[in-house]
Amino acid sequence: MTDMLEGMADGMPPLGSVGRMRVMAAGVRGARVVEGVLPASFRDVWLVMGDLEGGFGEFQPDMRKVRVESVDGDRVTALARSRYGPRARLHGVLRPGWCWLQSRFLLVGMAAEPIGNQGTGRPAEGTGEVGIRAGDGDGFGTRVALTGGVRVPGRAMLLPGAERELRHALALLTDRVVGHGPG
C-alpha cells in the first residue's frame, strides 16, 4: 500500500516517509504519530532506528529483544519479546527511512527523512514538537515519526495509551543519537 501513495496525486510532490506515516496511521483508529527533529544526519539516525536487533531495542521502552527471522528484499519477519513477557511475530517492510511491522496484537511504525541542507547554514525545517527543535543543529537534521501500539485483533484499531510511550521512545532515540536527550 505504501508504494501506491508515492504516485497518487499527479502534479503534487511525492510524500516523504513522515508524510506516508501520517497517512498510514490515519487509517488506524486510535493511532497517534509522535514527530520530532533530531540535529543529526539521516544516516546516523537510521543506523539506530533501522537496526531491529540492536538500536531499535535501545530506544523502544517496551522491547527486550528482537530477532530477525527472515528478510526477502524489503520484507521482514521478526520475533519480538516485550520486557513484560509477551512475544509477537512481526511481518512488514523495512527499508531506509521506513518501517511498518505488525502482528496480530502489535503495530510498529517508524519513519525518518533528511531535512534542511547540510553545509548551507540554513535552518532545518520541521515541527520540533518533541526532541530537539529545528534550527538547533548546524542547518541540517532528520525528521522522525513513530507510531504503534497494541492492536485490537482483526481490526484496524489500537488500544489507547500509546502516545506517552511513543514520546518516551523519541526521547530515548534523541539521547542515543545525539547524546544529550532529555533527562
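The values are calculated or read from the model by the stated rules, or taken from the named source; none is laboratory data. Every value quoted in this text rests on a predicted model; they were computed, and no experiment measured them. No Cβ is skipped: glycine too gets one built from the backbone with ideal geometry, and neighbour counts run over all protein chains shown. Note: accessible area is taken over every heavy atom of the protein model, side chains too, but ligands, DNA and RNA are not part of it. Shrake-Rupley method; radii C 1.70, N 1.55, O 1.52, S 1.80 Å.
Per-residue answers, yes or no, for (1) modelled with pLDDT under 90; (2) open to solvent by 30 Å² or more (accessible area, probe 1.4 Å); (3) part of a loop (DSSP other than H, G, I, E, B):
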residue	(1), (2), (3)
V68	no, yes, no
Y84	yes, yes, yes
H91	no, yes, no
A124	yes, no, yes
R143	no, yes, no
A169	no, no, no
L173	no, no, no
Checklist line | Odd one out for V130 among (1) at pLDDT below 50; (2) open to solvent by 30 Å² or more (accessible area, probe 1.4 Å) | finding: (2)
Check: If we keep just the residues of segment 46-66 that are assigned to a helix (DSSP H, G or I) and in contact with a Gly (Cβ under 9 Å, 6 or more places away or on another chain), which is surrounded by the most Cβ atoms within 10 Å (Cβ to Cβ)?
Finding: M49
Notebook entry, point to check: Only one of (1) open to solvent by 70 Å² or more (accessible area, probe 1.4 Å); (2) modelled with pLDDT of 90 or more is not met by D10, so which one is it?
Noted result: (2)
Note to self: Looking at segment 100-108, can you tell me whether even one residue there is of a type in the set (K, R) and either modelled with pLDDT under 95 or assigned to a loop (DSSP other than H, G, I, E, B) (or both)?
What the structure shows: yes
Notebook entry, point to check: Taking R75, is it of a type in the set (K, R) and either in contact (Cβ under 8 Å) with a residue 40 or more places away in the chain or within 16 Å of V150 (Cα to Cα) (or both)?
Noted result: no
